[in-house]
Amino acid sequence: MRLLIRGANLNGARVRTERPQTVVDNVRVNNNGTYLFVDVRINSAARPGDYPLIIETAQGRTMVPFHLNSPLDGNKNFQGITSDDVVYLIMTDRFSDGDPSNNAPADSPPDANDRRNPRAYHGGDFRGIINHLRYFKDLGVTTLWLTPWYDNWNGVNNCDKPWCPNTSYHGYGAIDYYGVEDHFGDLASLQELVQKAHAIGLKVIQDQVANHVGSHHSWLSNPPLGDWFHGTAQDHMQEKFQNSVLLSPHANRDEVRNTLDGWFSDDLPDMNQEEPEVARYEIQNSLWWVGITGIDGIRQDTIQYMPRAFIRDLSDALHHQYPKMWMVGEVFERDSAQTAFFIGGHNGWDGIDTKLDSDFDFPLWYTSLDVFTGKKPMRALRDQLKYDALYPDPSRITTLTNNHDTRRFMSIEGATLEGAMLHTAFMLTVRGTPQLYSGEEIAMEGKDDPDNRRDFPGGFPGDKHNAFAAASRTPPEQRMWQWTHSWIKLRQAHPALSRGRLTDLYYDDNAYVFARQWQAETLILAFNRGAKEVRINIPAGAIGLPDGTRLSPVIGGAEVVEVPIPVEKGHTSLLVPPKTAVAYW
């Protein structure tokens with residue numbers, strides 16, 4: 001492995017070890033003598049313990065601590081994510097405050113933690129998540145995706161813009177890739193969270209951010225190498241990005257470089273993964289987090305703004321060390337061709353296979369929002385799904401109900417509770433791995449950032465409303481929670497919903513019907529957003545259902561009052577109530 005050591009007066013340094021189980025070579029010191037790179041080769045006979053390095057220069061010597069930990073049990077950790085899972089996104093700071101003692105770290109100004117400010121820290125932490133692990137099991141989700149837990153700047157940014165004063169509560173502005181955010185807890189409490197989640201059958205996904213760091217990182221004033229970053233905030237700005245040039249083989253070099261090298265914002269310096277030292281540092285960091293915590297998957301932020309060769313190398317390294325490891329990339333685009341270009345399993349026009357396990361299906365998400373808020377006909381869902389032909393394996397895509405960067409469904413123009421229910425049911429039954437956003441299961445409202453990041457009700461001291469408890473939820477909250485729970489339960493009871501082939505059976509302006517089939521199991525999903533019940537004739541023979549088959553209708557896991565429906569002469573007739581979805585089995 002390669003170490004990056006920070007110090008002073010390192011020019012001309014020599015590095016040695018005092019124990020034979022480790023050997024060092026390939027030493028490199030930057031021009032300022034402030035950073036030293038060194039390879040450490042670890043003998044297979046080495047056991048957990050201390051293996052310090054000695055650095056010597058003409059001015060003297062110093063010791064660098066280096067410790068080997070015992071590996072975690074591979075049978076209990078690093079399990080990966082599959083389409084059998086249901087992912088639940090948690091913005092740690094906004095979920096639950098389980099340990100008020102970490103709300104105001106020593107170097108944090110008084111106004112950094114203020115629930116009245118939607119851009120300040122609010123107090124959510126690892127302990128709050130640990131305290132509610134049973135809630136996730138009761139809901140039925142299988143996997144927790146936590147927003148970044150890297151250490152971020154504790155200060156308050158004051159400016160003349162509408163978004164100030166603000167803090168780094170979200171976690172996307174790392175100042176230490178190996179540090180844990182002290183507002184959330186420490187490494188021990190993070191490890192406890194993962195271990196306790198695993199103990200009750202929940203997996204954990206870490207949100208990693210290789211694309212950029214925060215502007216308060218010490219690297220900004222003292223970079224390890226002159227090309228550690230791409231340019232400056234003034235050189236490349238996000239508003240000049242042309243994302244489509246990353247897909248096109250005909251794009252000109254300047255547009256491509258501006259989009260790859262640009263800072264995601266003026267306070268998020270862009271890492272240069274084309275510098276081999278940067279790439280190796282970030283790959284090793286990713287592996288370290290997996291090994292030290294036992295996480296099961298990774299969500300890679302803003303992945304399309306990194307070189308595709310780096311995505312491939314990162315994927316290869318993760319899969320080599322942890323064969324089940326899974327990584328999903330954020331490719332925030334409406335264009336399915338762009339999404340498909342970044343997922344692994346095929347070579348792009350550049351000859352590169354990113355090996356990326358999954359990326360988010362934002363194109364289908366956009367369409368579903370438009371359909372279930374009345375802006376597009378129901379047939380638009382079928383029209384969008386035809387672009388599955390672009391994916392090497394559509395079942396590997398990750399679908400989403402919403403996330404922390406988007407308006408919540410209930411705050412979109414035209415939204416209704418019934419529309420939110422249909423949107424959720426669709427995302428839980430279409431192909432891929434579904435991802436929910438904390439609060440969607442109780443139909444929370446929230447407009448653009450930061451309003452879409454409201455605190456989960458009941459997670460904080462003094463909350464007057466507790467949505468964790470069924471008895472305390474409002475009737476609409478309970479209706480949405482029960483609906484979400486029932487569809488998750490149905491999905492887990494029927495492998496056809498997580499693994500099966502999808503076949504279109506009927507589509508018009510207000511209805512869409514499709515089948516999911518796996519081995520001998522067939523489920524038919526019928527969606528009716530209209531105000532009246534509809535009877536739909538289905539070509540059951542086209543999906544191999546023989547005459548005499550009897551289908552039982554189910555809505556969200558509870559039976560509809562109707563006798564089983566027979567298949568006759570290759571057809572069957574389904575009665576679908578208004579503004580709902582029905583699963584027939």
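The values are calculated or read from the model by the stated rules, or taken from the named source; none is laboratory data. This structure is a prediction, so every number in the text was calculated from the model and none was measured. Note that each Cβ is placed from the backbone with ideal geometry, even for glycine, and that neighbours are counted across all protein chains shown. Quick note on the areas: whole protein, heavy atoms, side chains included, nothing else; ligands and nucleic acids left out. Shrake-Rupley method; radii C 1.70, N 1.55, O 1.52, S 1.80 Å.
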| query | With the calculation restricted to Cα positions, what are the radius of gyration and Dmax of the range 433-585 in angstrom? | reply | 18.5, 63
| remark: With T = 4 °C, eta = 1.567 mPa s and Kirkwood Rh from C-alpha pairs, the Stokes-Einstein D of the range 68-187 in µm²/s is about 82
| field | By average C-beta atoms within 10 angstrom, highest first, the peptides 461-473, 420-432, 174-186 | value | 420-432, 174-186, 461-473
| Nearest-ten-degree value, helix 276-293 long axis tilted from longest Cα axis of the chain | 60
| note | In whole percent, the fraction of accessible protein surface over the range 337-389 that belongs to carbon or sulfur atoms, probe radius 1.4 Å, stands at 49
| request: Measure nothing fancy, just the Cα-based angle from helix 187-199's long axis to the longest principal axis of the chain, in degrees from 0 to 90, nearest 10. | output: 30
| note | So, for the Cα atoms of the range 1-140, Rg and Dmax in Å stand at 22.6, 63
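Please give the per residue accessible area of the chain, computed with a probe of 1.4 Å over protein heavy atoms only, in Å².
Per residue, the chain has 41 Å² of solvent-accessible surface.
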| message | Tell me the angle of helix 308-321 to the major Cα principal axis of the chain, expressed in degrees between 0 and 90 and rounded to the nearest ten. | response | 90
| query | If you wrap the chain's Cα atoms in a convex hull and average its projection over all directions, what's the area in nm²? | reply | 28.7
| Cross-link list 324/386; 376/532; 375/579; 203/489; 240/376; 76/196: which exceed 20 angstrom alpha carbon to alpha carbon? | 324/386; 240/376
| note | Here P(r) for the range 385-454, Cα-Cα distances in 5 Å bins, as whole percents, is 3, 17, 25, 21, 16, 11, 7, 1
| query | Tell me which aspartates and glutamates have Cα within less than 12 Å of residue 569's Cα, excluding those fewer than 8 residues away on the same chain? | reply | 547
| field | Sulfur and carbon atoms: percent of accessible area, the range 1-137 [1.4 Å] | value | 47
| query | To one decimal place, what Kirkwood hydrodynamic radius in Å is obtained for the range 160-305 from all pairs of distinct Cα atoms? | reply | 17.0
| remark: Of the convex hull enclosing the alpha-carbon atoms of the range 429-478, the direction-averaged projected area in nm² is 4.9
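What's the ranking of 361-367, 225-231 by average number of surrounding C-beta atoms within 10 Å, highest first? Please list the in-between numbers first.
Working: 361-367: 22.0, 225-231: 17.1.
The most tightly packed comes first, giving 361-367, 225-231.
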| So which aspartates and glutamates pass the test for residue 161, namely a Cα distance under 15 Å, with those fewer than 8 places away in the same chain ruled out? | 266, 267, 449
| field | Where labels lie 7 Å past Cα in the beta-carbon direction, separation of residue 335 and residue 509 in nm | value | 3.2
| message | Cut-off 12 Å, label point 7 angstrom out along Cα-to-Cβ of residue 63: give me the residues of the range 14-28 whose amide nitrogen falls inside. | response | 18-19
